[in-house]
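All of the numbers you see were taken from the coordinates with simple rules; none came from a lab. Computed from a prediction, not measured in an experiment: that's the story for all the values here. Reconstructed Cβ throughout: ideal geometry from the backbone, glycine too, with neighbour counts over all protein chains shown.
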Amino acid sequence: MLQMKKLMLGDHAVAQGAYEAGVKVAAAYPGTPSTEITEYIANFNEVNAEWSVNEKVSMEVGVGAAMAGKRALVAMKHVGLNVAADPLFTFSYTGLNAGLVAVVADDPGMHSSQNEQDSRYYAQSAHVPMLEPADSQEAKDFTMLAYELSEKYDTPVFVRLTTRIAHARSFVEIGERKEVEYPYKQDISKYVMVPANARKRHPAVEERERRLSNDINGDLFGESINKVEYGKAGSNKIGIVCSGAVYQYVKEALPDFAIFKLGMVYPIAFENIREFASKYEKLIVVEELEPFIENALKAKGIECHGKNLTGLQGELSVQKISEAILGHKALPEEHTENIPMRPPVMCAGCTHRGVFYILNKLKLNVVGDIGCYSLGCSPPLNAMHSLICMGASISNAHGMFMAKGKEFSKTNVAVIGDSTFIHSGITSLIDAVYNKSNITVIIMDNRTTGMTGHQNHPGTGLTIKNEPTHTLDLEAICRACGVQNLSVIDPYNLAEVENAIKERIKADGVSVIIAKRPCILLDKSMRHDAVSISDCKKCGICLKIGCPALSRRKDNSVEVDAALCTGCMVCAQTCKSGNIKKENNK
Amino acid sequence: MNLNILIAGVGGQGTLLASKILGNYAQLNGQDCKVSEVHGMAQRGGSVVTYVRIANKVYSPLFDKKQADVVLAFEELEALRSAGHIKDGGIIIVNKQNIYPMPCALGAAEYPGNIYEQLSKYNAKIHKIDAIGIATKLNDIRTVNIAMLGFSAAVLNFDKEIFISAIEKSVAKPTLEINLKAFEQGYIQARG
């Protein structure tokens, strides 16, 4: 009955499935849209969950748990899988003891990501089966099934989500947890991947993939994974192949069409699709991102259409599919015009703001990194000039020094958040010091993982379950890496920020500035103590900090939104006439 | 009940909780429902859109332009931005609040002064609510979302008792009392 069900995010449903499947260990680094999986499963007392320092570590923790004989869950966003790929490719060779499921969340349309890579190629390349659910119920069911497959075929298994599955809520039936445990068994030839052993495991990988391919084409799984829906008799001559969220769009855009819905996107049930295709004049693969299924079918000699109709970029939708396949025209133009954009901004009182204001003022080149502070690139701060991936800022800046030398480096600054520094910036810092670099690094230490919604990390001194633990000392880490020039500053104090940056960029060697203050959203002492402006001279300098609590009135004077203002006083330090003050003079 | 509701607002306004309550209302009515949210980057003060679909069977969690029965706009500029989603004959409910986006705050773009004139070009009924006023009176700015829901529940003739159960099911216990007050005030504003 519907009343017994729970309206759940796809991410939460995955966690619920893993919980019911008896998962004992869950590890992840936060990454949109996968973060809520690990946040949710951490609520269960039976599960040992952790925020790992990065995705590679989380995968290795999961592998350890699975080798030891307890089921494990590892979750990440698509780019996180790049980081976790190293252990995964070899774990595919060893196989496991208890099941391991790696959930990977792709982000077509890049709602919160730096690229649109397609994780399905990892499944093919690592020879790891991949399931793709189409709603929250399937997210739970497929996760549970993935553990059965993992143990039956002796392989890690992927569950692939996209944003519209991970962050969509639909109804899910809740069940009971079943404990699963296997004894730990030593097996050198299986688990020690020196070349002699790995050579023997490679054929085993191919053998299990053949076995799974046969089974997915046979009757073994019934309709529990792949599903065929025949359309109304004689209603059309086209058969559709699709999976995941796209299936839902297809059901609405083409309600009477025959559909081959893939629950397993790797390995693909080629023989079943060949048989399905034989019933129709035309086969169309509808998929987001790359032509993964389309090209695989073509390579097997199954004729089909796909990307020639739907395109490679962004998300699909009911309308796009209806346009591509039925030729239904796009909708008429809207009546509205000149709507100003509303890009994301750093919050009022954000501790990053002052640093970017000074970097802009000093006209320095800023090598950026991934986090809330990536917003430093937008107007009016305009203080970030490159951004590639987690941890890249320090090594990119070092590369620039290697290429252009010391003088260039004096105009260049790397900016990285605390969580990102711990994720993969520390290794870059060691590299820079070791290789006699001459760079300046600013660690924007706001004591949390901000952009993904305030997760703890080793620097916060709290675990995922908010239990106290050792607090990583960033200053001591930097010194241990060999950094001689180090300052810890308050990012709310603009003079301190400016002096520290000016001094450090002149210094020889690797310099680090730690701009340390808790994220304004976590620092409850900083609320509702707004500034006010008296006798505004209309110069507009305070607006250059890009604070959403400040805006220009029609007469060019600046107005403070007292509901948003946190009283951080960064704007007050820019006001040449000293007319921005706290209302109650605290 | 067959409803596509688009909730439009600014990151941080509590649109996600509003969508979750609507989903729970659908369930208590014995109907299928899907809600599509956006987390992460968009939540930092950017435009945020949430899709709520209620029907006997829902496939896609999203719907396209001109498919919304109701646009529930938490801010006037966002009402304008999302108006293209409204069906002919649909309902646009607007919270009378202006939050200046960065380009307007900087003076690089102008916050439109003729929002309701532009909205009137759509074939839709427009309702205005002062949710910020209700929330301010209750001394808790975070109740804007629930005041909006109270107003909407009255406009859309939702079952009040069931809707209150949906709120009870969705919000944290310590906030229930103030949220129910906000709901009631919103409801009264629509009916009054």
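Indicate the gyration tensor shape class of region A:238-316 (rounded, prolate or oblate), computed on the Cα atoms with a ≥ b ≥ c the square roots of the eigenvalues: a/c under 1.5 is rounded; otherwise a/b larger than b/c is prolate and the rest oblate.
Verdict is rounded for region A:238-316.
Note on A:ASN214 and B:ASP88: their simple-model spin labels are 6.0 nm apart, each label 7 Å out from Cα toward Cβ.
Fewest first, what order do A:THR452, A:THR162 take by the number of other Cβ atoms within 10 Å? Show your work: numbers first, answer last.
Numbers: A:THR452 24, A:THR162 27.
Neighbour counts put them in this order, fewest first: A:THR452, A:THR162.
How many nm is it between the label spots at A:VAL194 and A:SER125, if each spot is 7 Å from the Cα in line with the beta carbon? With each label placed 7 Å out from Cα toward Cβ, I get 2.9 nm. Residue exposure proxy: A:ILE37, A:ILE273, A:ILE580, A:ILE174, ordered by other Cβ atoms within 10 angstrom of their Cβ from fewest to most, comes out as A:ILE174, A:ILE580, A:ILE273, A:ILE37. Placing +1 on the Cβ of every Lys and Arg and -1 on the Cβ of every Asp and Glu, with nothing else charged, gives the protein assembly as shown a dipole about its Cα centre of roughly 1380 debye. Across the options B:GLY30, B:ALA147, B:HIS127, the greatest Cα extent toward the positive end of the charge dipole of region B:3-191 (unit charges at beta carbon of Lys, Arg, Asp, Glu) belongs to B:GLY30.
Springs between Cα atoms under 10 Å define the GNM used for chain B, and in it the highest mean-square fluctuation of B:LEU106, B:LEU180, B:LEU22 occurs at B:LEU106.
Going by alpha carbons, how many degrees (0 to 90, nearest 10) lie between the helix axis of A:494-506 and the longest principal axis of chain A? For helix A:494-506, the angle is close to 80 degrees. Relative to one another, the C-alpha centroids of region B:23-82 and region A:432-471 are positioned 35 Å apart. Assign one of three labels to region A:2-217, namely rounded, prolate or oblate, based on the Cα gyration tensor with a ≥ b ≥ c the square roots of its eigenvalues; rounded applies when a/c is under 1.5, prolate when it is not and a/b is larger than b/c, and oblate otherwise. Here region A:2-217 falls in the prolate category. Net charge dipole, region A:269-329: roughly 180 debye, given to the nearest 20, about the Cα centre with Cβ charges of +1 for Lys and Arg and -1 for Asp and Glu.
Could you give the distance between the Cα centres of region A:251-298 and region A:143-170, to the whole Å? Cα centres, region A:251-298 to region A:143-170: 20 Å.
Under 14 Å from a label point set 7 Å out along the Cα-to-Cβ vector of A:GLU223, the amide N atoms of region A:260-303 belong to A:260-263. So if R0 is 35 Å, what FRET efficiency would B:GLU117 and B:LYS57 give, r being the distance between their Cβ atoms, rounded to the nearest 0.05? Between B:GLU117 and B:LYS57 the formula returns 0.35.
Remark on A:LYS282: its backbone amide H falls under 5 Å from those of A:GLY239, a criterion applied only to residues 5 or more positions apart or on other chains, H modelled at 1.01 Å from N. Computed from phi, the 3J(HN,Hα) profile of region B:77-92 under the Karplus parametrisation 6.51, -1.76, 1.60 (θ = phi - 60°) reads 5, 6, 4, 5, 4, 9, 4, x, 7, 6, 6, 4, x, x, 10, 10 Hz, with x in place of Gly and Pro.
Suppose R0 equals 45 Å; then what is the FRET efficiency for A:LYS465 and A:ASN272 from their Cβ-Cβ distance, rounded to the nearest 0.05? Mind dumping the intermediate values first?
Working: r = 44 Å, r/R0 = 0.98.
Plugging the Cβ-Cβ distance into 1/(1 + (r/R0)^6) gives 0.55.
Cβ crowding within 10 Å ranks B:ASP32, A:ASP141, A:ASP256, A:ASP106 as A:ASP256, B:ASP32, A:ASP141, A:ASP106, fewest other Cβ atoms first. Taking the C-alpha atoms only, the angle from helix A:244-253 to the longest principal axis of chain A is near 70 degrees.
Across region B:94-110, computed HN-Hα scalar couplings (Karplus, 6.51 cos²θ - 1.76 cosθ + 1.60, θ = phi - 60°) run 10, 7, 6, 10, 10, 10, 6, x, 3, x, 6, 4, 7, x, 7, 9, 9 Hz from first to last residue, x flagging Gly and Pro.
Go through A:LYS237/B:LYS66; A:LYS406/A:LYS436; A:LYS361/A:LYS576; A:LYS70/A:LYS227 and tell me which ones have a Cα-Cα distance over 19 Å in this structure.
Values: A:LYS237/B:LYS66 29 Å; A:LYS406/A:LYS436 11 Å; A:LYS361/A:LYS576 15 Å; A:LYS70/A:LYS227 31 Å.
From the list (A:LYS237/B:LYS66; A:LYS406/A:LYS436; A:LYS361/A:LYS576; A:LYS70/A:LYS227), the Cα-Cα distance tops 19 Å for A:LYS237/B:LYS66; A:LYS70/A:LYS227.
By the gyration tensor of its Cα atoms, with a ≥ b ≥ c the square roots of the eigenvalues, what is the shape of the protein assembly as shown: rounded for a/c under 1.5, prolate for a/b over b/c, or oblate? Judged from the Cα gyration tensor, the protein assembly as shown comes out oblate (a/c at least 1.5, b/c at or above a/b). Helix A:136-152 and the longest principal axis of the C-alpha atoms of chain A enclose an angle of approximately 70°.
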